[in-house]
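The values are calculated or read from the model by the stated rules, or taken from the named source; none is laboratory data. Since we're looking at a predicted model, the values are computed, not measured. Counting neighbours? That spans all protein chains shown, and the Cβs are built from the backbone with ideal geometry, glycine included. What goes into the accessible areas is simple: the full protein's heavy atoms, side chains included, and nothing from ligands, DNA or RNA. Shrake-Rupley method; radii C 1.70, N 1.55, O 1.52, S 1.80 Å.
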Amino acid sequence: RGDAGVVARAAAARERARRQADDAPLTTRAMRDVAALEKTRVYDRCVLRIEFPDRACLTARFHPREPCSAAYAVVAAAVRPGLVFSLFATPPRRDLPRDGTASLLDLGLVPAARVFISFAGGHSSSADVLSEASLRRMDCDAAEDAVPESLPVVPGGGCEAAGPLAAGGTGKKRGKPSWLKT
């Protein structure tokens, strides 16, 4: 009853799929390609998060049809000149080609992907490999993140907040919950 029913339903589903495939009209390769294109989603950008060995990240946006060499160019602009590096995606490890033959879409990096960077010299710290301009930019971004947003000043001074959320409440009246049946 239990397993036999599951096996019977699976066999019936396979038989239905086989009959539908036999009854389907013959299609050319071009027709199959058009059908596959209609089913695929279209993305207008690709976001790559390039992760350094010490977990520092460089995020960049590309067009999906851009070659992989564009990602190498962005990383080359961020690291010190003359450093030899390679980009790879996991799992499993796939080294991204430096030449411009494969697009980001062809490599399966669209709509977003996490890409790792490895250096020939075995550098492990992003401070060792990033250019001075990139380090300054990172310091400015970190300083902006470190400053908390200011709270609005309430007329009348003091540290008290105004409004329904003043005492840390949610602004709703307390009482018996609606789901509690007594």
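A few remarks follow.
- All positions within the range 93-104 that are modelled with pLDDT of 90 or more, open to solvent by 50 Å² or more (accessible area, probe 1.4 Å) and in a loop (DSSP other than H, G, I, E, B): Arg93, Arg98
- Exactly one residue out of Leu130, Leu135 is under 12 Å from Ile50 (Cβ atoms), modelled with pLDDT under 90 and open to solvent by less than 50 Å² (accessible area, probe 1.4 Å): that is Leu130.
- Selection over the range 29-52 of residues that are out of contact with any strand residue (DSSP E or B) (no Cβ under 7 Å at 6 or more places or on another chain) and either part of a helix (DSSP H, G or I) or not aromatic (Phe, Trp, Tyr) (or both) gives a count of 15.
- Any hit, the range 59-80, residues being assigned to a strand (DSSP E or B), in contact with a helix residue (DSSP H, G or I) (Cβ under 6 Å, 6 or more places away or on another chain) and of a type in the set (Val, Ile, Thr): yes
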